[in-house]
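Engineer: Please find one structure pasted underneath; my questions will follow.
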Amino acid sequence: MSIRFIDLHSHSTASDGSDSPAELVRKAAAAKLAAIALTDHDTTSGLDEAVREGRQRGLEVIRGCELGVRCEHGELHILGLWLPEGDGGPTALDATLAQLRDHRAARNRRIAAQLRQCGVDIEYAEVEAISGGESVSRLHFARILHQKGYVPTPQTAFDRYIGPGGRAYVAKETLSPADGVRLLHSVGATVALAHPMLFRYPGNGFAEWLDDTVADLKRHGLDAIEAYHSEHSQADTRRCVDMAARHGLALTGGSDYHGAGKPGISLGRGRGGLRVTTAVLDDLKARRLRQGLPV
Ligand code: AMP
Ligand code: MN
Ligand code: MN
Ligand code: MN
């Protein structure tokens, strides 16, 4: 049996990716991946379509989401994997996700107003119109700023306008890291700290702070660290692997694929030759089984 690969972090048109959930699954099947997780920001609305397509293509699709949570020094991201199925009705998670999307919408209107103050010709309705999904993000603003010629690349929009320190930056109202972890844990999800090394810690002491944060989140139900990620260097990955071992946490990994929204990142391959094997998935499943959770 040859080695198979997986991708446990991806975005569809349900949030700020450019492929529909079904298209994304078809691309994963074409890339011969064994499993993927769809992890849209603050929404589960793409999951049923992705799971259906996965069944047809013989590809395992894990129900996931990504939450941005606010700590004293900025925004951390957490992934929930193996989210519960709604069985037609809303889950305990859905009400909180709906609230988070309301906060997003309020924030997005403020971003649009600040951009107009900077002389940018933009209405929030345009941003909603290009998003198509439930969860509108700053990446949609970046696309519009780029299309209208205000910035040379979507990435530049973050530096100049909508990223921290930019002229139209607005912080998002959201959960604390502990509340985010507890929420996902309470519905039976496997909870991972996403791309820890992308966090922009102000000043010195990041390693110690992260270690304390991880220890605290583990007490609230954190299961894993996303060691493998498109924007982690090999040194970043090693630090995450060490940290997970120190805290008795599992590892997870994925490309953070957004389709055309993040050019150069492909499903299962990320950027820079990222490869996550099925051994990572097997470990996560073994951990769930030990916890008495379904896989
Ligand atoms: P939001 O969830 O509305 O705060 O938007 C954040 C999204 O914008 C992330 O999920 C990324 O897809 C994207 N993003 C954030 N920072 C950057 C950046 N510096 N360059 C490119 N994309 C970014
Ligand atoms: Mn995104
Ligand atoms: Mn993220
Ligand atoms: Mn992501």
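The values are calculated or read from the model by the stated rules, or taken from the named source; none is laboratory data. In this text the structure is predicted, and so the values were computed from the model without any measurement. So basically every Cβ, Gly included, is an ideal-geometry build from the backbone, and we count neighbours across all protein chains shown. Areas reflect the complete protein model, heavy atoms only, side chains present, ligands, DNA and RNA absent. Shrake-Rupley method; radii C 1.70, N 1.55, O 1.52, S 1.80 Å.
Engineer: Identify, from the list 31, 37, 22, the residue that is closer than 20 Å to residue 222 by Cα, touching a Lys or Arg at 6+ places or on another chain (Cβ under 8 Å) and in contact (Cβ under 8 Å) with a residue 24 or more places away in the chain. Step through it out loud before you land on a result.
Structural biologist: On the way: 31 fails: closer than 20 Å to residue 222 by Cα; 22 fails: closer than 20 Å to residue 222 by Cα.
Just one listed residue meets the conditions, 37.
Engineer: So, one more: Looking at the stretch 115-135, I want the residues that are on the phi > 0 side of the Ramachandran plot and have a partner that is modelled with pLDDT of 95 or more with Cβ atoms under 8 Å, at least 6 apart or on another chain. Which pairs are those?
Structural biologist: 132/13
Engineer: Before we move on, is residue 127 of a type in the set (Val, Ile, Thr), more than 30 Å from residue 250 (Cα to Cα), within 16 Å of ligand 3 (Cβ to nearest atom) and at pLDDT 95 or above?
Structural biologist: Values: of a type in the set (Val, Ile, Thr): yes; more than 30 Å from residue 250 (Cα to Cα): yes; within 16 Å of ligand 3 (Cβ to nearest atom): no; at pLDDT 95 or above: yes.
Criteria not met by residue 127.
Engineer: Continuing with this model, one more query. Tell me yes or no: at least one residue of the stretch 260-280 is touching a residue at least 40 places away in the same chain (Cβ under 8 Å), basic (Lys, Arg) and open to solvent by less than 50 Å² (accessible area, probe 1.4 Å).
Structural biologist: Within the stretch 260-280 (the criterion being touching a residue at least 40 places away in the same chain (Cβ under 8 Å), basic (Lys, Arg) and open to solvent by less than 50 Å² (accessible area, probe 1.4 Å)), the answer is no, since none of the residues qualifies.
Engineer: If a residue must be within 25 Å of residue 213 (Cα to Cα), at pLDDT below 95 and either within 14 Å of ligand 2 (Cβ to nearest atom) or open to solvent by 60 Å² or more (accessible area, probe 1.4 Å) (or both), how many such residues does the stretch 143-176 contain? If you could, list the steps in order and put the result at the bottom.
Structural biologist: First pass over the stretch 143-176, keeping only residues within 25 Å of residue 213 (Cα to Cα): 163-165, 170-176.
Next, from what is left, pick out any that are at pLDDT below 95: 164-165, 171-173.
This time we only want the ones that are either within 14 Å of ligand 2 (Cβ to nearest atom) or open to solvent by 60 Å² or more (accessible area, probe 1.4 Å) (or both), so: 164-165, 172-173.
Residues flagged as within 25 Å of residue 213 (Cα to Cα), at pLDDT below 95 and either within 14 Å of ligand 2 (Cβ to nearest atom) or open to solvent by 60 Å² or more (accessible area, probe 1.4 Å) (or both) within the stretch 143-176 amount to 4.
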